[in-house]
Amino acid sequence: MRLYDTHRRILVTGGAGFLGSHLCERLLARGHEVLCADNFFTGTRRNVEHLLDNPRFELLRHDVTFPLYVEVDQVYNLACPASPVHYQHDAVQTTKTSVHGAINMLGLARRVHARILQASTSEVYGDPDVHPQREDYWGRVNPVGLRSCYDEGKRCAETLFFDYHRQHGVDIRVARIFNTYGPRMHPRDGRVVSNFIVQALRGEPITIYGDGMQTRSFCFVDDLVEGLHRFMEAEPGDPGPVNIGNPVEFTVRDLAQMVIRLTGSSSRLVNAPLPADDPMQRRPDVSRAARIFGWAPQVMLEDGLRRTIEYFDGLLAAGELPALQRMTRRAGSPASVSASGGVTVHAPFDA
Ligand code: NAD
Ligand code: UDP
Ligand code: UDP
(Lines give C-alpha, C1' and ligand atoms only; values in the text may rest on other atoms or scores of the structure.)
(Ligands and ions follow the chains in the order given, each with its own letter.)
Protein backbone atom coordinates (compact mmCIF):
# COMPACT_ATOMS: atom_id res chain seq x y z
CA MET A 1 0.00 0.00 0.00
CA ARG A 2 1.20 3.53 -0.73
CA LEU A 3 -0.06 6.72 0.78
CA TYR A 4 0.99 9.41 -1.69
CA ASP A 5 2.32 8.30 -5.09
CA THR A 6 0.06 7.91 -8.11
CA HIS A 7 2.47 6.31 -10.58
CA ARG A 8 2.82 2.53 -10.65
CA ARG A 9 5.58 0.34 -9.30
CA ILE A 10 6.25 -2.24 -11.95
CA LEU A 11 8.37 -5.38 -11.82
CA VAL A 12 9.82 -6.50 -15.16
CA THR A 13 11.43 -9.95 -14.94
CA GLY A 14 13.91 -10.57 -17.74
CA GLY A 15 14.13 -6.77 -17.97
CA ALA A 16 17.80 -6.78 -19.05
CA GLY A 17 17.01 -8.82 -22.16
CA PHE A 18 16.08 -7.72 -25.66
CA LEU A 19 12.33 -7.13 -25.21
CA GLY A 20 12.58 -6.40 -21.49
CA SER A 21 15.02 -3.52 -21.89
CA HIS A 22 12.74 -1.81 -24.43
CA LEU A 23 9.78 -2.37 -22.12
CA CYS A 24 11.63 -0.87 -19.10
CA GLU A 25 12.44 2.16 -21.23
CA ARG A 26 8.81 2.59 -22.27
CA LEU A 27 7.48 2.24 -18.71
CA LEU A 28 9.97 4.78 -17.35
CA ALA A 29 9.00 7.19 -20.13
CA ARG A 30 5.39 6.88 -18.91
CA GLY A 31 6.51 8.00 -15.45
CA HIS A 32 6.39 4.65 -13.66
CA GLU A 33 8.85 3.16 -11.19
CA VAL A 34 10.54 0.09 -12.66
CA LEU A 35 12.20 -2.78 -10.85
CA CYS A 36 14.10 -4.88 -13.36
CA ALA A 37 14.93 -8.41 -12.12
CA ASP A 38 17.26 -10.52 -14.24
CA ASN A 39 19.80 -13.29 -13.73
CA PHE A 40 21.80 -12.09 -16.79
CA PHE A 41 21.74 -15.50 -18.47
CA THR A 42 21.10 -14.00 -21.90
CA GLY A 43 20.47 -10.38 -20.93
CA THR A 44 23.17 -7.91 -19.93
CA ARG A 45 23.57 -4.86 -17.71
CA ARG A 46 24.61 -3.11 -20.85
CA ASN A 47 21.09 -3.31 -22.30
CA VAL A 48 19.85 -1.14 -19.42
CA GLU A 49 23.00 0.88 -18.74
CA HIS A 50 21.37 4.03 -20.09
CA LEU A 51 18.58 3.65 -17.51
CA LEU A 52 20.77 3.21 -14.44
CA ASP A 53 20.91 6.92 -13.60
CA ASN A 54 17.15 7.24 -13.59
CA PRO A 55 16.01 7.42 -9.94
CA ARG A 56 12.84 5.54 -10.84
CA PHE A 57 14.83 2.55 -12.16
CA GLU A 58 16.26 -0.25 -10.03
CA LEU A 59 18.22 -3.26 -11.29
CA LEU A 60 18.22 -6.48 -9.28
CA ARG A 61 20.21 -9.62 -10.02
CA HIS A 62 17.66 -12.32 -9.34
CA ASP A 63 16.69 -15.73 -10.70
CA VAL A 64 12.91 -16.16 -10.91
CA THR A 65 13.14 -19.83 -10.01
CA PHE A 66 13.70 -18.51 -6.45
CA PRO A 67 11.04 -16.62 -4.47
CA LEU A 68 11.02 -12.84 -4.59
CA TYR A 69 9.35 -10.64 -2.02
CA VAL A 70 8.77 -7.09 -3.22
CA GLU A 71 5.81 -4.70 -3.22
CA VAL A 72 4.62 -3.81 -6.73
CA ASP A 73 1.39 -2.96 -8.59
CA GLN A 74 2.13 -4.80 -11.83
CA VAL A 75 4.41 -7.61 -13.01
CA TYR A 76 5.55 -8.24 -16.58
CA ASN A 77 6.98 -11.77 -16.52
CA LEU A 78 9.49 -11.94 -19.39
CA ALA A 79 12.28 -13.96 -17.76
CA CYS A 80 13.15 -16.88 -20.04
CA PRO A 81 15.71 -17.40 -22.78
CA ALA A 82 13.86 -17.01 -26.07
CA SER A 83 16.07 -18.18 -28.91
CA PRO A 84 16.46 -21.91 -29.64
CA VAL A 85 20.26 -21.70 -29.31
CA HIS A 86 19.86 -20.18 -25.85
CA TYR A 87 16.95 -22.18 -24.48
CA GLN A 88 18.45 -25.50 -25.60
CA HIS A 89 21.77 -24.68 -23.93
CA ASP A 90 20.37 -25.80 -20.54
CA ALA A 91 16.99 -27.30 -21.37
CA VAL A 92 16.16 -28.33 -17.80
CA GLN A 93 16.80 -24.82 -16.53
CA THR A 94 14.57 -23.46 -19.31
CA THR A 95 11.57 -25.49 -18.11
CA LYS A 96 12.34 -24.55 -14.50
CA THR A 97 12.44 -20.89 -15.43
CA SER A 98 9.05 -21.04 -17.13
CA VAL A 99 7.31 -23.20 -14.54
CA HIS A 100 8.92 -22.30 -11.19
CA GLY A 101 9.27 -18.73 -12.41
CA ALA A 102 5.54 -18.56 -13.15
CA ILE A 103 4.65 -20.06 -9.75
CA ASN A 104 6.84 -17.57 -7.88
CA MET A 105 5.66 -14.55 -9.83
CA LEU A 106 2.02 -15.63 -9.52
CA GLY A 107 2.53 -16.17 -5.79
CA LEU A 108 3.94 -12.67 -5.58
CA ALA A 109 1.07 -11.18 -7.62
CA ARG A 110 -1.43 -13.03 -5.45
CA ARG A 111 0.11 -11.76 -2.20
CA VAL A 112 0.31 -8.09 -3.23
CA HIS A 113 -2.81 -8.06 -5.49
CA ALA A 114 -0.76 -7.04 -8.51
CA ARG A 115 -1.83 -7.46 -12.12
CA ILE A 116 0.53 -9.86 -13.92
CA LEU A 117 1.26 -10.31 -17.62
CA GLN A 118 2.92 -13.43 -18.99
CA ALA A 119 5.17 -13.24 -22.04
CA SER A 120 3.97 -16.43 -23.69
CA THR A 121 4.82 -17.39 -27.22
CA SER A 122 3.60 -18.53 -30.62
CA GLU A 123 5.57 -21.71 -29.84
CA VAL A 124 2.56 -22.91 -27.83
CA TYR A 125 1.07 -23.63 -31.28
CA GLY A 126 4.05 -25.85 -32.16
CA ASP A 127 4.23 -26.81 -35.84
CA PRO A 128 0.67 -25.69 -36.58
CA ASP A 129 -1.81 -27.40 -38.86
CA VAL A 130 -4.12 -24.39 -38.71
CA HIS A 131 -3.13 -21.21 -40.49
CA PRO A 132 -3.06 -18.38 -39.52
CA GLN A 133 -3.00 -19.16 -35.81
CA ARG A 134 -5.92 -17.93 -33.71
CA GLU A 135 -5.94 -18.04 -29.95
CA ASP A 136 -8.57 -20.81 -29.84
CA TYR A 137 -6.24 -23.21 -31.70
CA TRP A 138 -4.74 -25.71 -29.21
CA GLY A 139 -1.53 -26.31 -31.10
CA ARG A 140 0.60 -29.23 -32.28
CA VAL A 141 3.59 -29.53 -29.97
CA ASN A 142 6.06 -32.39 -29.64
CA PRO A 143 6.29 -33.02 -25.88
CA VAL A 144 9.68 -34.79 -26.04
CA GLY A 145 11.66 -32.91 -28.70
CA LEU A 146 14.50 -30.38 -28.56
CA ARG A 147 12.08 -27.45 -28.51
CA SER A 148 9.83 -28.98 -25.84
CA CYS A 149 11.62 -27.43 -22.85
CA TYR A 150 10.56 -24.05 -24.16
CA ASP A 151 7.21 -24.90 -25.77
CA GLU A 152 5.88 -27.09 -22.97
CA GLY A 153 7.35 -24.84 -20.27
CA LYS A 154 5.45 -21.90 -21.76
CA ARG A 155 2.28 -24.00 -22.12
CA CYS A 156 2.48 -25.05 -18.47
CA ALA A 157 3.04 -21.42 -17.47
CA GLU A 158 -0.16 -20.48 -19.31
CA THR A 159 -2.01 -23.22 -17.40
CA LEU A 160 -0.66 -21.87 -14.11
CA PHE A 161 -1.71 -18.34 -15.02
CA PHE A 162 -5.28 -19.41 -15.77
CA ASP A 163 -5.51 -21.58 -12.65
CA TYR A 164 -4.25 -18.77 -10.40
CA HIS A 165 -6.88 -16.60 -12.08
CA ARG A 166 -9.74 -19.10 -11.61
CA GLN A 167 -8.67 -20.42 -8.22
CA HIS A 168 -7.20 -17.34 -6.52
CA GLY A 169 -8.70 -14.44 -8.51
CA VAL A 170 -5.31 -13.16 -9.70
CA ASP A 171 -5.65 -10.46 -12.38
CA ILE A 172 -3.74 -12.01 -15.30
CA ARG A 173 -2.92 -11.21 -18.92
CA VAL A 174 -1.41 -13.84 -21.23
CA ALA A 175 0.24 -12.48 -24.39
CA ARG A 176 1.41 -14.89 -27.10
CA ILE A 177 4.35 -13.16 -28.73
CA PHE A 178 5.32 -14.00 -32.31
CA ASN A 179 8.85 -13.61 -33.74
CA THR A 180 10.09 -10.16 -32.78
CA TYR A 181 13.25 -8.37 -33.91
CA GLY A 182 15.02 -5.05 -33.48
CA PRO A 183 17.98 -3.28 -31.89
CA ARG A 184 19.53 -5.09 -28.87
CA MET A 185 18.83 -8.55 -30.23
CA HIS A 186 21.79 -10.60 -29.12
CA PRO A 187 24.20 -10.85 -32.08
CA ARG A 188 24.87 -14.48 -31.26
CA ASP A 189 21.42 -15.68 -30.37
CA GLY A 190 21.18 -17.67 -33.60
CA ARG A 191 17.80 -16.24 -34.54
CA VAL A 192 17.20 -15.74 -38.19
CA VAL A 193 17.07 -11.93 -38.27
CA SER A 194 20.23 -11.40 -36.22
CA ASN A 195 22.09 -14.21 -38.02
CA PHE A 196 21.27 -12.88 -41.49
CA ILE A 197 22.15 -9.28 -40.64
CA VAL A 198 25.44 -10.22 -38.97
CA GLN A 199 26.35 -12.50 -41.88
CA ALA A 200 25.44 -9.87 -44.48
CA LEU A 201 27.36 -7.10 -42.74
CA ARG A 202 30.42 -9.29 -42.50
CA GLY A 203 30.11 -10.45 -46.10
CA GLU A 204 29.86 -14.06 -45.02
CA PRO A 205 27.49 -16.69 -46.42
CA ILE A 206 23.88 -16.45 -45.32
CA THR A 207 22.79 -19.76 -43.80
CA ILE A 208 19.36 -20.88 -44.94
CA TYR A 209 18.13 -23.85 -42.93
CA GLY A 210 16.24 -26.33 -45.11
CA ASP A 211 14.98 -24.96 -48.43
CA GLY A 212 14.10 -21.57 -46.91
CA MET A 213 10.42 -21.93 -47.83
CA GLN A 214 9.32 -22.07 -44.18
CA THR A 215 7.56 -18.87 -43.13
CA ARG A 216 7.62 -16.50 -40.18
CA SER A 217 5.90 -13.18 -39.49
CA PHE A 218 8.28 -10.62 -38.01
CA CYS A 219 7.19 -7.92 -35.56
CA PHE A 220 9.34 -4.86 -34.82
CA VAL A 221 10.14 -4.46 -31.12
CA ASP A 222 8.48 -1.02 -30.72
CA ASP A 223 5.17 -2.42 -31.97
CA LEU A 224 5.47 -5.40 -29.66
CA VAL A 225 6.18 -3.30 -26.57
CA GLU A 226 3.25 -1.03 -27.39
CA GLY A 227 1.03 -4.13 -27.63
CA LEU A 228 2.19 -5.53 -24.27
CA HIS A 229 1.67 -2.17 -22.58
CA ARG A 230 -1.82 -1.66 -24.01
CA PHE A 231 -2.82 -5.18 -23.00
CA MET A 232 -1.64 -4.60 -19.43
CA GLU A 233 -3.51 -1.29 -19.19
CA ALA A 234 -6.73 -2.47 -20.88
CA GLU A 235 -9.83 -2.08 -18.72
CA PRO A 236 -11.96 -4.04 -18.10
CA GLY A 237 -9.52 -6.89 -18.02
CA ASP A 238 -9.64 -9.76 -20.47
CA PRO A 239 -7.05 -12.37 -19.45
CA GLY A 240 -6.46 -13.49 -23.02
CA PRO A 241 -4.61 -15.34 -24.36
CA VAL A 242 -3.96 -12.71 -27.02
CA ASN A 243 -1.61 -12.99 -30.00
CA ILE A 244 0.81 -10.09 -30.44
CA GLY A 245 2.78 -10.13 -33.66
CA ASN A 246 2.87 -8.88 -37.20
CA PRO A 247 0.52 -10.76 -39.52
CA VAL A 248 2.57 -10.19 -42.69
CA GLU A 249 4.21 -13.49 -43.58
CA PHE A 250 7.59 -13.99 -45.29
CA THR A 251 9.59 -17.03 -46.26
CA VAL A 252 13.07 -17.29 -44.75
CA ARG A 253 14.42 -16.97 -48.30
CA ASP A 254 12.48 -13.67 -48.81
CA LEU A 255 14.03 -12.40 -45.60
CA ALA A 256 17.55 -13.31 -46.73
CA GLN A 257 17.07 -11.50 -50.01
CA MET A 258 15.68 -8.41 -48.29
CA VAL A 259 18.63 -8.30 -45.86
CA ILE A 260 21.10 -8.61 -48.74
CA ARG A 261 19.39 -5.77 -50.61
CA LEU A 262 19.21 -3.46 -47.59
CA THR A 263 22.82 -4.02 -46.56
CA GLY A 264 24.17 -3.99 -50.13
CA SER A 265 26.04 -7.13 -49.17
CA SER A 266 27.77 -9.48 -51.55
CA SER A 267 27.00 -12.47 -49.33
CA ARG A 268 25.76 -15.59 -51.05
CA LEU A 269 23.07 -17.93 -49.78
CA VAL A 270 24.10 -21.37 -48.53
CA ASN A 271 21.89 -24.20 -47.34
CA ALA A 272 22.22 -25.96 -43.99
CA PRO A 273 20.11 -28.72 -42.42
CA LEU A 274 16.72 -27.81 -41.03
CA PRO A 275 16.69 -28.20 -37.23
CA ALA A 276 14.34 -30.79 -35.71
CA ASP A 277 10.72 -29.74 -35.15
CA ASP A 278 11.23 -26.44 -36.98
CA PRO A 279 7.71 -25.08 -37.66
CA MET A 280 6.97 -24.74 -41.39
CA GLN A 281 4.47 -21.90 -41.25
CA ARG A 282 3.68 -19.22 -38.73
CA ARG A 283 1.42 -16.18 -38.88
CA PRO A 284 -0.72 -14.67 -36.15
CA ASP A 285 -4.34 -13.72 -36.39
CA VAL A 286 -4.25 -10.46 -34.42
CA SER A 287 -7.94 -9.54 -34.54
CA ARG A 288 -8.38 -10.24 -30.83
CA ALA A 289 -5.67 -7.69 -29.91
CA ALA A 290 -7.38 -5.14 -32.17
CA ARG A 291 -10.73 -5.79 -30.53
CA ILE A 292 -9.62 -5.85 -26.89
CA PHE A 293 -7.05 -3.06 -26.81
CA GLY A 294 -7.11 -1.43 -30.21
CA TRP A 295 -3.66 -2.56 -31.27
CA ALA A 296 -2.18 -3.28 -34.69
CA PRO A 297 1.48 -3.28 -35.71
CA GLN A 298 2.67 -0.18 -37.58
CA VAL A 299 6.24 -0.92 -38.69
CA MET A 300 6.81 -2.65 -42.02
CA LEU A 301 9.54 -5.30 -42.16
CA GLU A 302 11.74 -3.26 -44.49
CA ASP A 303 11.67 -0.21 -42.16
CA GLY A 304 12.27 -2.29 -39.04
CA LEU A 305 15.14 -4.11 -40.72
CA ARG A 306 16.81 -0.80 -41.64
CA ARG A 307 16.76 0.24 -37.98
CA THR A 308 18.07 -3.14 -36.87
CA ILE A 309 20.83 -3.12 -39.49
CA GLU A 310 21.84 0.35 -38.26
CA TYR A 311 22.18 -1.06 -34.74
CA PHE A 312 24.33 -4.01 -35.83
CA ASP A 313 26.35 -1.71 -38.09
CA GLY A 314 27.13 0.38 -34.99
CA LEU A 315 28.38 -2.76 -33.20
CA LEU A 316 30.50 -3.64 -36.22
CA ALA A 317 32.02 -0.13 -36.34
CA ALA A 318 32.83 -0.36 -32.63
CA GLY A 319 34.51 -3.73 -33.18
CA GLU A 320 31.83 -5.38 -31.06
CA LEU A 321 30.29 -7.71 -33.59
CA PRO A 322 31.71 -11.13 -32.74
CA ALA A 323 33.70 -13.01 -35.34
CA LEU A 324 31.32 -14.80 -37.59
CA GLN A 325 30.30 -18.13 -36.30
CA ARG A 326 27.94 -20.47 -37.90
CA MET A 327 25.06 -21.25 -35.59
CA THR A 328 23.92 -24.82 -35.80
CA ARG A 329 21.33 -26.82 -34.02
CA ARG A 330 21.75 -30.54 -34.44
CA ALA A 331 19.29 -33.26 -33.58
CA GLY A 332 20.25 -35.03 -30.36
CA SER A 333 22.73 -32.45 -29.15
CA PRO A 334 22.37 -29.21 -27.27
CA ALA A 335 22.55 -26.04 -29.30
CA SER A 336 26.08 -25.50 -30.40
CA VAL A 337 28.14 -22.90 -32.15
CA SER A 338 30.68 -24.17 -34.60
CA ALA A 339 33.43 -21.64 -35.18
CA SER A 340 35.21 -23.67 -37.78
CA GLY A 341 34.30 -27.03 -39.24
CA GLY A 342 33.69 -29.61 -36.58
CA VAL A 343 34.82 -27.79 -33.43
CA THR A 344 31.85 -27.46 -31.16
CA VAL A 345 31.90 -24.88 -28.41
CA HIS A 346 28.98 -24.48 -26.06
CA ALA A 347 28.05 -20.87 -26.40
CA PRO A 348 28.84 -18.40 -23.67
CA PHE A 349 26.36 -15.60 -24.18
CA ASP A 350 28.45 -12.70 -23.05
CA ALA A 351 29.41 -11.20 -26.40
P1 NAD B 1 16.12 -12.48 -24.09
O2 NAD B 1 16.87 -13.73 -23.97
O3 NAD B 1 16.83 -11.29 -24.68
O4 NAD B 1 15.54 -12.03 -22.69
C5 NAD B 1 15.22 -12.92 -21.66
C6 NAD B 1 15.73 -12.32 -20.35
O7 NAD B 1 15.39 -13.20 -19.27
C8 NAD B 1 17.26 -12.19 -20.34
O9 NAD B 1 17.61 -10.92 -19.86
C10 NAD B 1 17.71 -13.31 -19.40
O11 NAD B 1 18.92 -13.01 -18.76
C12 NAD B 1 16.53 -13.38 -18.44
N13 NAD B 1 16.39 -14.67 -17.76
C14 NAD B 1 16.47 -15.91 -18.29
N15 NAD B 1 16.27 -16.84 -17.32
C16 NAD B 1 16.04 -16.15 -16.17
C17 NAD B 1 15.78 -16.54 -14.83
N18 NAD B 1 15.69 -17.83 -14.47
N19 NAD B 1 15.62 -15.57 -13.91
C20 NAD B 1 15.72 -14.26 -14.24
N21 NAD B 1 15.97 -13.83 -15.48
C22 NAD B 1 16.12 -14.77 -16.43
O23 NAD B 1 14.79 -12.79 -24.91
P24 NAD B 1 13.64 -11.83 -25.42
O25 NAD B 1 13.56 -12.00 -26.88
O26 NAD B 1 13.78 -10.48 -24.85
O27 NAD B 1 12.37 -12.56 -24.78
C28 NAD B 1 11.70 -12.05 -23.64
C29 NAD B 1 10.46 -12.88 -23.36
O30 NAD B 1 9.58 -12.84 -24.48
C31 NAD B 1 10.76 -14.36 -23.11
O32 NAD B 1 9.92 -14.83 -22.08
C33 NAD B 1 10.40 -15.02 -24.41
O34 NAD B 1 10.01 -16.35 -24.22
C35 NAD B 1 9.26 -14.15 -24.91
N36 NAD B 1 9.15 -14.22 -26.37
C37 NAD B 1 10.05 -13.59 -27.19
C38 NAD B 1 9.93 -13.70 -28.56
C39 NAD B 1 10.89 -13.02 -29.50
O40 NAD B 1 10.75 -13.17 -30.72
N41 NAD B 1 11.85 -12.26 -29.05
C42 NAD B 1 8.89 -14.46 -29.11
C43 NAD B 1 8.01 -15.10 -28.25
C44 NAD B 1 8.13 -14.97 -26.89
N1 UDP C 1 6.17 -16.22 -3.60
C2 UDP C 1 7.10 -15.27 -3.94
N3 UDP C 1 6.87 -13.98 -3.55
C4 UDP C 1 5.77 -13.60 -2.84
C5 UDP C 1 4.83 -14.61 -2.51
C6 UDP C 1 5.05 -15.91 -2.91
O7 UDP C 1 8.11 -15.54 -4.56
O8 UDP C 1 5.64 -12.42 -2.55
C9 UDP C 1 6.42 -17.60 -4.01
C10 UDP C 1 6.46 -18.56 -2.85
O11 UDP C 1 7.81 -18.91 -2.65
C12 UDP C 1 5.64 -19.73 -3.28
C13 UDP C 1 5.08 -19.38 -4.65
O14 UDP C 1 5.33 -18.01 -4.81
O15 UDP C 1 6.45 -20.87 -3.44
C16 UDP C 1 3.61 -19.65 -4.77
O17 UDP C 1 2.93 -18.91 -3.81
P18 UDP C 1 1.46 -19.28 -3.37
O19 UDP C 1 1.05 -18.30 -2.32
O20 UDP C 1 0.58 -19.38 -4.54
O21 UDP C 1 1.55 -20.75 -2.81
P22 UDP C 1 2.25 -21.41 -1.56
O23 UDP C 1 3.19 -22.39 -2.16
O24 UDP C 1 2.94 -20.32 -0.77
O25 UDP C 1 1.15 -22.01 -0.82
N1 UDP D 1 16.85 -19.97 -39.75
C2 UDP D 1 17.63 -20.00 -40.90
N3 UDP D 1 18.93 -19.60 -40.79
C4 UDP D 1 19.48 -19.14 -39.65
C5 UDP D 1 18.67 -19.08 -38.49
C6 UDP D 1 17.36 -19.52 -38.57
O7 UDP D 1 17.17 -20.39 -41.98
O8 UDP D 1 20.67 -18.77 -39.66
C9 UDP D 1 15.43 -20.39 -39.86
C10 UDP D 1 14.98 -21.39 -38.80
O11 UDP D 1 15.25 -22.72 -39.23
C12 UDP D 1 13.50 -21.10 -38.71
C13 UDP D 1 13.40 -19.61 -39.00
O14 UDP D 1 14.62 -19.25 -39.64
O15 UDP D 1 12.80 -21.80 -39.73
C16 UDP D 1 13.22 -18.77 -37.73
O17 UDP D 1 14.21 -19.17 -36.81
P18 UDP D 1 14.41 -18.43 -35.40
O19 UDP D 1 15.41 -19.21 -34.63
O20 UDP D 1 14.67 -16.98 -35.63
O21 UDP D 1 12.98 -18.49 -34.69
P22 UDP D 1 11.94 -19.68 -34.40
O23 UDP D 1 12.35 -20.91 -35.14
O24 UDP D 1 11.98 -19.88 -32.94
O25 UDP D 1 10.66 -19.12 -34.91
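The values are calculated or read from the model by the stated rules, or taken from the named source; none is laboratory data. Worth saying up front: this structure is predicted, and the values here are computed from it rather than measured. So basically every Cβ, Gly included, is an ideal-geometry build from the backbone, and we count neighbours across all protein chains shown. In case anyone asks, the SASA skips ligands and DNA or RNA and just uses the protein heavy atoms, side chains included. Shrake-Rupley method; radii C 1.70, N 1.55, O 1.52, S 1.80 Å.
Taking only protein heavy atoms and a 1.4 Å probe, the accessible area of the chain is 51% carbon and sulfur. On the beta carbon distance between Arg26 and Ala296, with R0 = 22 Å, the FRET formula returns roughly 0.80. Compared with the dominant Cα axis of the chain, that is its longest principal axis, helix 148-168 is turned about 10°.
Derived from the Cα gyration tensor, the three semi-axes of the equivalent ellipsoid of region 71-123 are 24, 11, 7 Å, largest first. Modelled spin-label separation between Arg166 and Glu310, with each label point placed 7 Å from Cα along the Cα-to-Cβ direction: 4.7 nm.
For the chain, the antiparallel share of DSSP beta bridges with both residues in that region comes to about 20%. Here's the picture: a label point sits 7 Å out from the Cα of Tyr137 along the beta-carbon direction, and within region 279-296 the residues with their amide nitrogen under 16 Å of it are 279-289. For the chain, find the longest principal axis of its Cα atoms and tell me its angle to the long axis of helix 18-29, 0 to 90°, nearest 10. Helix 18-29 sits at roughly 40 degrees to that axis.
Excluding ligands, DNA and RNA, the accessible surface per residue across the chain is 42 Å² with a 1.4 Å probe.
With the convex hull of its Cα atoms as the shape, the chain has an orientation-averaged projected area of 16.7 nm². Positive contributions from Lys and Arg (+1) and negative ones from Asp and Glu (-1), summed over other residues with Cβ under 15 Å from the Cβ of Val259, come out at +2. Phi angles across region 288-302 convert, under the Karplus curve 6.51 cos²θ - 1.76 cosθ + 1.60 with θ = phi - 60°, into 3J(HN,Hα) values of 5, 4, 5, 6, 7, 9, x, 10, 8, x, 10, 9, 6, 3, 4 Hz, Gly and Pro given as x. Put the Cα centre of region 237-293 next to the Cα centre of region 42-109 and the gap is 25 Å. Modelled label positions at Tyr69 and Ala318, each set 7 Å beyond Cα in the direction of Cβ, lie 3.9 nm from each other.
Model label sites at Glu233 and Ala272, defined 7 Å from Cα along the beta-carbon direction, differ in position by 4.1 nm.
Largest mean-square fluctuation among Glu310, Glu25, Glu235, in a Gaussian network model of the chain whose springs join Cα atoms under 10 Å apart, belongs to Glu235.
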